[in-house]
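Student: Take this structure first; my questions come after.
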Amino acid sequence: MNIISISQNISKLEFALFDGTCGEPSARGEIMNWMNTGSDGIPEMISACFTKSLRNQNRMFSANLICIRVPYGGQEFKIPELLSSNSLDKLKKIENAAPMHIPALLALIVSLKKYFRGTPISLVFETSFFTRLPARESSYAIDPGLSKEISLQKFGYHGILHERSYEYCHEKDKGISKTISICLEPIPEICAVKNGIPVMVTGGSTPLEGLPGETTCGDIDPLIILSLSENLGWGPEEINKTLSRKSGIYGLTGKKMDFAKLFSADDPVAKFAKELILYKMLLASGSAVAALGGVDAVVFSGRYRELGGQIYDYLSSNLSCFPEKHEILPDHLLKLTAAAGITALLKKSKSH
């Protein structure tokens, strides 16, 4: 069985090929600026990448299942599900909530269906995990009836990794019920999980809220946005571009730098950026401990999870309640997306 796993974000489309066991991928690749590439050509590019890789392994490429990670849509999709006319209709209804992602996703799905004719497609939603946040965490202190077009509540962003991080710790020790999950992605996020339920998360209604990222600002005073508009004459597009693509590590250092490079840099500007981000993680971790009423385990996940040791040392030296050791989640996002997609397929098969 060949499973194609796809993860989309604004800058690139990542994909990998797994067998039915969802071990290590037999092939993987990425398409930069995929939203500007044209969705019609993407399936052929994916197929060409896998065909070339498998040819070197004396294998033929075919697709039995396609699994797509979707950044938004958890309110409508509580669990992973197979693509259907009903799920397409639900996606179209939430286009306004994620205008950068959902229309591009819909176009991609159409192209995949056309190219891989008859191959089932599973949709796996990042924000589904956060639909279980308690109201005290998910609500903002503003009138929720201000707009019917947008959802004025917190969702978080890395639900797939946070959920698996808790499961990973719980599988190793059934006594663990209070977990702090620290996801080290380009947009990092900290989530407190109690008995499998999220009770606190740094991410918000959009990924801009929370911790500073590689290019994202994190928490800021909302009036800063009005000041940029009134004092500099900036419009919504310029403000959004600055806060989402020119802030964070990039804004602090003036350089395009990922977390791995930041933590190995030794110039004063980079050191300050690292110090600021670690301090924000410390504050968020303290909030997570408060929400949990203690902590049993700390686990790091994401593409920069190997930085977990350095970050843990800093956090644990400032938070005496931290456990004596930390965990590193070995699973990556594409693998977890494939596993969740297989589960959705099997559930559908059993129901018939």
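The values are calculated or read from the model by the stated rules, or taken from the named source; none is laboratory data. Everything numeric here is computed off the predicted structure, so don't read it as measured data. Ideal geometry is used to build each Cβ from the backbone, glycine not excepted, and the neighbour counts take in all protein chains shown.
Student: Could you tell me how many of the residues in the range 98-116 are in a helix (DSSP H, G or I) and buried (at least 19 other Cβ atoms within 10 Å of the Cβ)?
Tutor: Quick first cut of the range 98-116, residues in a helix (DSSP H, G or I) only: 102-115.
Retained after the next criterion (residues that are buried (at least 19 other Cβ atoms within 10 Å of the Cβ)): 102, 105, 108-109, 112.
So the answer is 5.
Student: Could you tell me which residue of the range 48-81 is surrounded by the fewest Cβ atoms within 10 Å (Cβ to Cβ), considering only residues that are over 22 Å from K347 (Cβ atoms) and aliphatic (A, V, I, L, M)?
Tutor: M60
Student: Moving on. Any residue at all in the range 49-56 that is over 18 Å from T119 (Cβ atoms), part of a loop (DSSP other than H, G, I, E, B) and modelled with pLDDT under 85? Talk me through it step by step, then tell me what you get.
Tutor: First pass over the range 49-56, keeping only residues over 18 Å from T119 (Cβ atoms): 52-53, 55-56.
Still in the list and also part of a loop (DSSP other than H, G, I, E, B): 56.
Subset that is modelled with pLDDT under 85: 56.
There is at least one residue in the range 49-56 that is over 18 Å from T119 (Cβ atoms), part of a loop (DSSP other than H, G, I, E, B) and modelled with pLDDT under 85.
Student: Any residue at all in the range 43-59 that is over 16 Å from L13 (Cβ atoms), in the same structural domain as T21 (by TED's automatic domain parsing) and among the acidic types (D, E)?
Tutor: Initial filter on the range 43-59 (over 16 Å from L13 (Cβ atoms)): 51-59.
Narrowing further to those that are in the same structural domain as T21 (by TED's automatic domain parsing): 51-59.
Narrowing the set further to residues that are among the acidic types (D, E) leaves none.
Among the residues of the range 43-59, not one is over 16 Å from L13 (Cβ atoms), in the same structural domain as T21 (by TED's automatic domain parsing) and among the acidic types (D, E), which makes the answer no.
Student: Within the range 165-176, track down each residue that is out of contact with any strand residue (DSSP E or B) (no Cβ under 6 Å at 6 or more places or on another chain) and in contact (Cβ under 8 Å) with a residue 60 or more places away in the chain. Write out each step before concluding.
Tutor: Kept after step one, since they are out of contact with any strand residue (DSSP E or B) (no Cβ under 6 Å at 6 or more places or on another chain), are these residues of the range 165-176: 167-168, 170-175.
Correct list: Y168, K172, D173, G175.
Student: Related question: Please return the ranges of helices (runs of 4 or more DSSP H) entirely within the range 228-308 where 2 or more residues are touching a residue at least 12 places away in the same chain (Cβ under 8 Å) and in contact with a strand residue (DSSP E or B) (Cβ under 9 Å, 6 or more places away or on another chain). First the steps, then the outcome.
Tutor: Numbers: elements: 236-245, 248-253, 259-264, 268-292.
Passing ranges, in order: 268-292.
Student: Considering each of G302, G294 in turn, give the residue that is at positive phi and exposed (fewer than 13 other Cβ atoms within 10 Å of the Cβ). Walk me through how you get there before you give the answer.
Tutor: Working: G302 fails: exposed (fewer than 13 other Cβ atoms within 10 Å of the Cβ).
Sole residue among the options that is at positive phi and exposed (fewer than 13 other Cβ atoms within 10 Å of the Cβ): G294.
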